[in-house]
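Visitor: The structure that follows is given in the form of structure tokens.
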Amino acid sequence: MMARIGAEDINTLTLSILGKADSYHRWIFQEIKPYLQGGILEAGCGIGHLTNWLLGEGKVLVADINKNYLQVVERKFKNHSNWMGGFVWDLQEDPPEDFLLSIHTIVCINVLEHIKDDLSILKRFYKLLPFRGRLVCLVPALRWLYNPLDKELGHFRRYSKKELYEKLILTRFRILTLRYFNLFGVVGWFLQGTVLRKRLLSSIQVEWFNRLVPLFISIENRIPTWFGQSLIAVGEKSLEGGLNEAFGDHSGL
């Protein structure tokens with residue numbers, strides 16, 4: 001039996017395990033790449049799994065509540081030409097007044113679920129962005145899939161598509177896309193967390209999943225994705241807010 005450890009330690013261990021999932025992180029990046037523009041703020045960078053890919057798109061500023069994570073990321077990328085630095089930021093508070101970079105895109109991957117009052121965070125992001133600036137986020141999906149893995153990671157929720165849609169609209173974002181991602185991840189999360197009641201992802205399972213990512217991408221490109229382990233959402237700051245025509249069919253909300 002694994003000794004009892006806190007959510008922060010579980011998060012650190014999970015980030016370490018996910019370090020072996022480079023194909024998975026590349027997949028996430030390829031899904032969000034079309035929506036990136038201008039200076040990028042990565043809010044909740046962890047230990048930099050996605051940062052490397054973002055740096056290839058333009059100037060990047062990173063933030064995280066954990067200063068140890070930021071030190072890891074800085075050691076990795078401080079010599080990159082697009083690296084603009086990092087700072088400690090609790091998203092539940094206002095950020096430093098002056099950024100080193102004009103921010104046009106906020107990237108927030110697997111962060112909102114850790115914050116009880118996620119609406120306040122979305123409002124803060126909206127305020128920070130310029131007109132037509134974008135919020136690109138990924139969150140865990142499917143409420144029924146919530147299990148010990150989520151609990152030990154400090155997740156307050158897994159999102160339904162309807163909940164995320166309503167929260168983005170409520171905070172005045174104009175939705176450019178809102179869709180499920182990673183269909184096959186549902187199986188692994190269910191088996192590990194719901195059936196086996198594991199509190200930590202299996203390193204071996206993550207490695208095998210990473211090897212199969214090209215196959216998963218091929219399948220998801222060919223079939224409708226009616227559900228998935230995660231949701232990807234992109235909201236644009238608009239004076240009017242509301243639903244973009246490009247959002248298409250949202251009957252699955």
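Visitor: Does Thr171 fit the bill of being surrounded by fewer than 19 Cβ atoms within 10 Å (Cβ to Cβ) and modelled with pLDDT of 95 or more?
Guide: no
Visitor: Only one of Gly154, Gly242 is at pLDDT below 95 and more than 27 Å from Thr14 (Cβ to Cβ); which?
Guide: Gly242
Residue-wise test of (1) surrounded by fewer than 18 Cβ atoms within 10 Å (Cβ to Cβ); (2) over 23 Å from Gly38 (Cβ atoms); (3) without any contact (Cβ under 8 Å) to a residue 12 or more places away in the chain.
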| residue | (1), (2), (3) |
| --- | --- |
| Trp53 | no, no, no |
| Val62 | no, no, no |
| Tyr69 | no, yes, no |
| Trp83 | no, no, no |
| Trp89 | no, no, no |
| Glu93 | yes, yes, yes |
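Visitor: Kindly indicate whether any position in the stretch 102-120 is part of a loop (DSSP other than H, G, I, E, B), more than 18 Å from the chain's Cα centre (by Cα) and in contact (Cβ under 8 Å) with a residue 24 or more places away in the chain.
Guide: yes
Visitor: Select from the stretch 25-67 the residues that are among the small types (Gly, Ala, Ser) and farther than 16 Å from Asn110 by Cα and list them in ascending order.
Guide: Here is the first cut: in the stretch 25-67, the ones among the small types (Gly, Ala, Ser) are 38-39, 43-44, 46, 48, 56, 58, 63.
Those that are among the small types (Gly, Ala, Ser) and farther than 16 Å from Asn110 by Cα: Gly38, Gly39, Gly56, Gly58.
Visitor: Only one of these conditions is not met by Val234: (1) in contact with a Lys or Arg (Cβ under 8 Å, 6 or more places away or on another chain); (2) farther than 17 Å from Cys137 by Cβ; (3) at pLDDT 95 or above. Which number is it?
Guide: Only one criterion is unmet by Val234, namely (2).
Visitor: Another question, then. Test each condition in (1) touching a strand residue (DSSP E or B) at 6+ places or on another chain (Cβ under 8 Å); (2) more than 18 Å from Leu15 (Cα to Cα) for Leu145 and report the one that comes out false.
Guide: (1)
Visitor: Any residue in the stretch 192-220 that's surrounded by fewer than 14 Cβ atoms within 10 Å (Cβ to Cβ): show its pairings with residues that are among the basic types (Lys, Arg) and not in a helix (DSSP H, G or I) at Cβ separation under 6 Å, as long as the two are six or more apart or on different chains.
Guide: Glu207/Lys20
Visitor: I'm told Ala141 meets every condition in (1) small (Gly, Ala, Ser); (2) modelled with pLDDT of 95 or more; (3) closer than 24 Å to Pro95 by Cβ except one. Can you identify the failing condition by its number?
Guide: (3)
Visitor: If you don't mind, another one. Within the stretch 83-101, restricting attention to residues that are under 21 Å from the mean Cα position of the chain (by Cα) and of a type outside the set (A, V, I, L, M, F, W, C), which residue is nearest to Leu122 (Cα to Cα)?
Guide: Per the stated criteria, the residue is Gln92.
Visitor: Right, another one. Just need a number here: residues in the stretch 186-218 that are outside any helix (DSSP H, G or I) and at negative phi.
Guide: Going through the stretch 186-218, the residues outside any helix (DSSP H, G or I) turn out to be 196-202.
With the extra rule that they be at negative phi, the set shrinks to 196, 198-202.
Summing the residues that are outside any helix (DSSP H, G or I) and at negative phi in the stretch 186-218 gives 6.
Visitor: Take Asp98 and tell me if it is modelled with pLDDT under 95 and either in contact with a Lys or Arg (Cβ under 8 Å, 6 or more places away or on another chain) or not in a loop (DSSP other than H, G, I, E, B) (or both). Quick ask: steps written out before the conclusion?
Guide: Numbers: modelled with pLDDT under 95: yes; either in contact with a Lys or Arg (Cβ under 8 Å, 6 or more places away or on another chain) or not in a loop (DSSP other than H, G, I, E, B) (or both): no.
So Asp98 does not fit the description; no.
Visitor: Within the stretch 50-64, which residues are assigned to a loop (DSSP other than H, G, I, E, B) and within 18 Å of Leu15 (Cβ to Cβ)?
Guide: Leu50
The values are calculated or read from the model by the stated rules, or taken from the named source; none is laboratory data. These numbers were taken from a predicted model, which means no experiment stands behind them. Every residue, glycine as well, gets a Cβ built from its backbone with ideal geometry; the counts of neighbours run over all protein chains shown.
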